Amino acid sequence: MSSTAPARLADAAAERGIKYFLISFTDLLGRQRAKLVPAAAIGAMQRDGAGFAGFAAYFDLSPADPDLLALPDPATLIPLPWKPDVGWLAADLRLRGMPLDQGPRNLLRRVLAEAAGAGYVMKSGVECEFFLITPDGRAIADAADRGAKPCYDAAALMRRYDVIAELCDAMQALGWSPYQNDHEDANGQFEMNWQYADALTTADRHAFFKFMVRSIAERHGLRATFMPKPFLDLTGSGCHAHVSLWRGEQNLFAGEADLSPLGRQFVGGVLHHAPALCALLNPTVNSYKRINAPVTASGATWSPNTITWSGDNRTHMIRVPAADRFELRLADGAANPYLLQAAILCAGLEGVQVRRDPGPRLDIDMYTQGHTVSDARRLPLNLLDALRALDASPLFAQRFGKGFISAYARLKQREWNEYCRQLTDWERDTTLDC
Ligand SMILES: [Mg+2]
C-alpha cells in the first residue's frame, strides 16, 4: 500500500473524487470502529487525529479518560470498492500524546520495528474462512447447500458467484493479487485467498477484508460471519497463517528439503508458546468449540488438537507445506488481525533467540493416531486455561508490555465471567434430576 501513499489526504480527496473518509481502527477485541469525516475536514484530522471516547469501544479505559485520537495512516487509503467516494483509512491510536499501549495496530508496529532492528521482516498471508448465513444469523443462507462433503462444491460455489466475484474483483482492483476462491468444508462456508505481504500490510488487508466481506454480503441480502464455530456439527472457520521471515531479499526459512535451522527454531518458539498464543489467536469462548472438537459431519474438523508439527499434513497445529514457510493452523476467524501477526512474530523470534528445538516432526494422522504419541502437548480446552497461560507468560509480559496484557486480560476475563453466568439447557437437562 505504501507505494501510492498520498502525503496529503486532502489532495487525494481532490484527485480521486473522495467525498468522505472512514477513519478506522481495530479495538482490543477485534471490532472495527470508525468515524466518517467529510473531505473538507480531513486536513485537520490528518494532523490532529479523529477523537473517540475510548471507553465506548473495547479498551480497558474509563469514561473519565480524555479523547483517544485516531491518526489515519495515509499509506492504507482504500476507496471502498462498493462506494468509491468513501476512502477507508487504518489509524494509529494516541492517548495523552502517547501511542496507546492497548492499540493493536500500535502494538504490531512496535514489535515489527523491534524485529526490523534485529534485521528481520516477517511476511505472511492469511486464509480467512467465513460463512454466508441468513440475516437473522440462525442458518446458512443457501438451503440447497446440504451436501455431506461440501468442500469445493462447484454448484454451491456458483450459486454465490455474484458475491464471491464482486469480492474478488475488488481485491484485484486494489492490487492484492487474489488467486483462488472456493467453497470450504462446511455448508455455507467459503474462503478467498490473496497474495502474502509484509505482516503490517497483511494485517491491514485482513481487517479491511472482514469489513468488506460483511458489507458486500449485506448488499446481497446475506450476512457474513467469521465466528469460529457457528454450527456445532459443521467445520469451523479458521484463519490459517502462512509465515516466513526475511532479511532483504533472502527468505531465512528456506532450506533444501526442509525449513532452515532458523525456520525450525522459529517453529520451536511458536510451539513452545502455543498455550499463551491461544488466548490471542483463539480469543473467544466459542473458539474452543473449533479446536479440540469432535469429528464434524464432513469427516474432519481440519483444526488442531495438539501442539505438534508435521510436513504437508493438515492434522497438526503446524504444517510445513514447502521448505520456505510454515502454516499455523491454530488461529480462528475471531482473531484480531494485528494481534495475530504480533503474537506469531514474538513467539517465533523468541524461539530463534534461544534456539528452540521444535521436537520431532510427526508424520502421522493426528486425528486417528494421536493416541500413539504419549507426550504430545494438548491445546487449552477453554478460554480460561488459555488466559491463564497468557498471564503466566514472561515473554508476552515483556514483548507486549504489562499495560497491554493487563488490559487484554481484564476484558477477556470479564467475557469468561459473563459466559459462566449463563444457564444452559444442557445443564438443566443433565442436572434437574440430580
Ligand atoms: Mg481453508
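Observations
- Qualifying residue in segment 278-288 (condition: within 16 Å of the chain's Cα centre (by Cα), within 16 Å of the ligand (Cβ to nearest atom) and closer than 21 Å to Ser374 by Cα): no
- Output for segment 199-236, where each listed residue is closer than 30 Å to Tyr120 by Cα and acidic (Asp, Glu): Asp204
- Considering only residues in segment 115-136 that are under 21 Å from the mean Cα position of the chain (by Cα) and away from the ligand (no atom under 16 Å from the Cβ), the one that is surrounded by the fewest Cβ atoms within 10 Å (Cβ to Cβ) turns out to be Val121.
- Residues in segment 279-323 that are part of a loop (DSSP other than H, G, I, E, B), over 28 Å from Asn417 (Cα atoms) and among the small types (Gly, Ala, Ser): Ala297, Ser298, Gly299, Ala300, Gly311, Ala323.
- Listed here are the helices (runs of 4 or more DSSP H) enclosed by segment 334-434 that have at least 1 residues being buried (at least 17 other Cβ atoms within 10 Å of the Cβ) and either under 19 Å from the mean Cα position of the chain (by Cα) or of a type in the set (Phe, Trp, Tyr) (or both): 337-353, 366-369, 383-391, 394-399, 402-420.
- Single residue of Asp153, Asp182, Asp142 found to be at pLDDT 95 or above, more than 16 Å from the ligand (Cβ to nearest atom), farther than 30 Å from Gln250 by Cα and among the acidic types (Asp, Glu): Asp142
- Residues that are among the aliphatic types (A, V, I, L, M) and either under 23 Å from Arg325 (Cα atoms) or away from the ligand (no atom under 14 Å from the Cβ) (or both), drawn from segment 185-202: Met192, Ala197, Ala199, Leu200
- Answer from Arg47, Arg94, Arg110 - the residue that is in contact with a strand residue (DSSP E or B) (Cβ under 7 Å, 6 or more places away or on another chain), charged (D, E, K, R) and over 30 Å from Glu191 (Cβ atoms): Arg94
- Among the residues of this structure, Met171 does not count as one that is in a strand (DSSP E or B) and either among the hydroxyl-bearing types (Ser, Thr, Tyr) or away from the ligand (no atom under 16 Å from the Cβ) (or both).
- Any hit, segment 96-110, residues being in contact with a Ser or Thr (Cβ under 7 Å, 6 or more places away or on another chain) and either surrounded by 15 or more Cβ atoms within 10 Å (Cβ to Cβ) or touching a residue at least 24 places away in the same chain (Cβ under 8 Å) (or both): yes
- Selection within segment 316-367 - acidic (Asp, Glu) and more than 19 Å from Ala397 (Cβ to Cβ): Asp324, Glu327, Asp332, Asp357, Asp363, Asp365
- Among all residues of segment 311-328, there is at least one that is among the hydroxyl-bearing types (Ser, Thr, Tyr) and over 27 Å from Leu200 (Cα atoms).
- Flag for Ala148 being touching a helix residue (DSSP H, G or I) at 6+ places or on another chain (Cβ under 9 Å), among the aliphatic types (A, V, I, L, M) and surrounded by fewer than 18 Cβ atoms within 10 Å (Cβ to Cβ): no
- Once segment 324-333 is narrowed to residues that are in a strand (DSSP E or B) and either of a type in the set (Asp, Glu) or at pLDDT below 95 (or both), the residue that is nearest to Phe400 (Cα to Cα) is Asp332.
The values are calculated or read from the model by the stated rules, or taken from the named source; none is laboratory data. Computed from a prediction, not measured in an experiment: that's the story for all the values here. Methodologically, a virtual Cβ is constructed for each residue, glycine included, from the backbone with ideal geometry; neighbour enumeration extends over all protein chains shown.
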